[in-house]
Amino acid sequence: MNRTHKQLMSFAVLGIVCIMCGCHKALFPKNQQKNQFEAYNTMRYGPQITEQKDPFGLPETALRARLGKKE
């Protein structure tokens with residue numbers, strides 16, 4: 001094996017190790033607000049509805065509830 005082949009293999013092993021030791025937890029946990037605007041809206045209007053049941057009982061994204069006017 002020549003020198004470049006050994007270097008290429010060592011970089012590949014190093015890359016695989018870096019990928020395996022990467023991020024272990026979520027960047028934004030589901031139980032915390034992502035920014036100050038979401039915290040304000042939660043305090044003012046209550047928790048945001050993210051899913052609702054369709055006429056057949058299957059869960060779907062609640063876009064009208066999320067994008068509609070707040071009272």
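The values are calculated or read from the model by the stated rules, or taken from the named source; none is laboratory data. Predicted model, so just to flag it, every value in this text is computed and none were measured. Counting neighbours? That spans all protein chains shown, and the Cβs are built from the backbone with ideal geometry, glycine included.
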Exercise for the section: Pairs only if they're at least six apart or on different chains, beta carbon under 6 angstrom, first in the stretch 25-49 and under 20 Å from ALA65 (Cβ atoms), second part of a loop (DSSP other than H, G, I, E, B) and charged (D, E, K, R); list them, first residue then second. Expected result: TYR45/LYS70
Completion exercise
For the stretch 35-45 the number of residues that are surrounded by 10 or more Cβ atoms within 10 Å (Cβ to Cβ) and within 16 Å of the chain's Cα centre (by Cα) is 1
Exercise for the section: Can you give me the number of residues within the stretch 18-34 that are surrounded by 10 or more Cβ atoms within 10 Å (Cβ to Cβ) and over 30 Å from PRO47 (Cβ atoms)? Expected result: 0
Fill in the blank from the handout: Residues of the stretch 46-65 being at pLDDT below 85, surrounded by 11 or more Cβ atoms within 10 Å (Cβ to Cβ) and not aliphatic (A, V, I, L, M), in sequence order, are GLN48, THR50
